[in-house]
1. Express in Å², to the nearest 10, the accessible area of W356 obtained by rolling a 1.4 Å probe over the protein heavy atoms while all chains stay in place.
2. Which net charge results when you count Lys and Arg as +1 and Asp and Glu as -1 among the other residues whose beta-carbon is under 12 Å from that of P443?
3. Just to make sure I understand: if all protein chains stay in place, what is the order of Y284, Y306 by accessible area at 1.4 Å, largest first?
4. How big is the accessible area of S72 in square angstrom, nearest 10, if you roll a 1.4 angstrom probe over the protein chains?
5. Roughly how many percent of the accessible protein surface of region 73-216 is carbon and sulfur, given a 1.4 Å probe and a whole-percent answer?
6. Check the straight Cα-Cα distances from K445 and name the lysines below 17 Å, setting aside those fewer than 8 residues away within the same chain.
7. Efficiency by 1/(1 + (r/R0)^6): what FRET value for T77 and C158, r their Cβ-Cβ distance, R0 = 30 Å, to the nearest 0.05?
8. Would you mind calculating the gained length between T279 and W147 on full extension (0.36 nm times residue separation, minus the Cα-Cα distance), in nm to one decimal?
Amino acid sequence: MNSTVVMSINTSPDDMDRHTTRQVEAQQAASVLYNGGPPVYNHNYAESLERTSSMQNSLVSNDPDFDRGKISTVRRTFCLFLVFDFGLVVLIWLIFAIGNEKGGFPELERQVKKYTVKDSLFDIVLVSAARVTFMLLAYALFRLRHWWMIAFCTLGSCVFLIYKVVVYDFSGSTHPMDYIVLLSSFILAWIETWFLDFKVLPQERKLEQRAKARLQHSQGAHERTPLLGDQPRRGSITDVGSFYSPLSTPEFSDDEDAVGRSSRRGRSSSSNQATPSPTMDREYKRLGKEAFDICWQLLNTTEGWYKEKEKENGDVVFSRKDPRFGKIFKWQGILDISAEALRSDVFDKVEEAVAWNDTQEECKVLRVIDRQTKITYDKSTEALGGAVASRDFVNVRHIQKKGKYYISAGKTTTHPAAPPRKDTIRGENKPGCYAMMPIDNEPNKCLFIWIVNVDLKGWIPQYLIDQAMAGKILDFLNSLRKHAEDITQV
C-alpha cells in the first residue's frame, strides 16, 4: 500500500496520462496477439482510470479527520470521556468530603493532609487521575492501537478498589457518598475498557479497511489490471472463487433474445460462470422477476404511503404497512446526476459500492445468470452505534428498464457460495429496489427512489429496527449524494 501511495503523490498528471495511454495501447495490442482479432477494449478498466484522480482525494467518506492523519472522531470521544471520568470522580469526592458532618472544608483538608487508607477517599481521586493520565498519553498523544494499556490501568484500578473496600472503615460513615465514590470509580473504569475495545479500535480498523479498499479501486487499474482484461484463456477452467460484475447494458433491453445474444457475445468476459444448473437458474430468474413485479406495483401505488419525514432539500421518507411484508420504507429525492450515469455506476459496478457506501462493509457478485439477473452477497455495517450488529444478505437481483424507470429489484435467496456465517446474523431482504427516472428538461438530474423492507432477525424490538432503518437510509443518502458528486466531477 505504501508504494501505491508514493506513486500517487509523486506522479504528475501529465505522466499519469502518458502512463494511462501506454497501458490502454498495450492492452489492445495484447488482445490482438492473443485473440487473433480486433482489439478488445476493457470498458471497466478505462472507466476506473478516468475516476482515479477524483477517488484519490477522498479515501474515507465518513471521518475526514482520520483521512488527514488527525485523531479519529471516535478516539476523540473516548478521550473526552476519560476527562469526564476524572471530573466526575473529583466532584463526587468533593461532595462527600465537604458535605460530611465532621466539618466541611476542615474535613477536606484532613482527607488530603492527614491521609490514611482506612478513613480517607482521596486515594480514589489519585487512582482516577493516574488512570486517566496514562491512557491520555497512550491513546491521545501516542495514538496507541492496542488494548494493553487500558487492560493494565483497569486491572490496577480494580485491584486497588477491592483492597480499599476491604480495609476502609465504613463504620464512621454518616452518608452513602463514600459508597458512591467507590462504585463510580469501578464502573467508569470498565465503561472505558468496553468503549475502547468494542468501539474505538474496531471502528478505526474499519476506517483503515475502507481507505485501503478505495485506494485499491483508484490505483488498481494502473498496477494490477492484466493486459487482457477479464478474458479467461480459451478452454481453461476459471476460478470460481473470483467475483466479477457484468458488463454494462446501455440499452437495458427487455428482449430476451437480445439479452441472450449479448450474453453469448460477452461470455468470455464472465469468468465467474461455473457449470450452470438450468433448473436453479430458472428459479433465480423467477424469484428476481417476482421481486421486480412487486416493486413495480409499489412504485406505481400512491395509496397507503404515509409521510414520515421531509427535508428542506426535497427528500421525503414514506412508510406503509403491507399485509404481506410488514413495514416498508420508501425514500425519494432529486440527485444532481443523469439517470443513465447513475444507473451505469450503481447497477453495473456492484462490488465497488463498498468504496463509497458507508452502509456496506462487503459486497460480492456470486453469480451472473444473464444480463438482467445476478446473485450478490452483501454485509451491512453496524447501526445505532453498535446496538444493532452487522447483518449479511444473499440477494437475487433483477435489473430492467420499464417505462421511464431504471430499476434494480431484489429479494433474499440462498447460494452455495455464501453459506451462513457463525459470526454474522443472516438477515432477510424482502422485495425492494433502487429506481431512477430522468427528469424532463433537466438532463443532469434524476429522481431516485429507494424501497427497502428488511427483517434484521435476532431479538431486536421493532422500535429499534425502525430507528436502525431510518439511520441506514440517511447514511446511504449522504453516501449516494457524495458519490454522485464524485461521478459528475470526472
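The values are calculated or read from the model by the stated rules, or taken from the named source; none is laboratory data. Because the structure is predicted, anything quoted here is derived from the model rather than measured. Cβ coordinates were reconstructed from backbone atoms using ideal geometry, including for glycine residues, and neighbour counts include every protein chain displayed. Side chains included, ligands, DNA and RNA excluded: accessible areas come from the protein's heavy atoms. Shrake-Rupley method; radii C 1.70, N 1.55, O 1.52, S 1.80 Å.
1. About 20 Å², ignoring ligands and nucleic acids.
2. Computed value for this residue: -3.
3. From most exposed to least exposed: Y306, Y284.
4. About 0 Å², rounded to the nearest 10.
5. 74
6. K404, K482
7. Details: r = 24 Å, r/R0 = 0.78.
Working from the Cβ atoms, E equals 0.80.
8. Additional length available on full extension: 42.3 nm.
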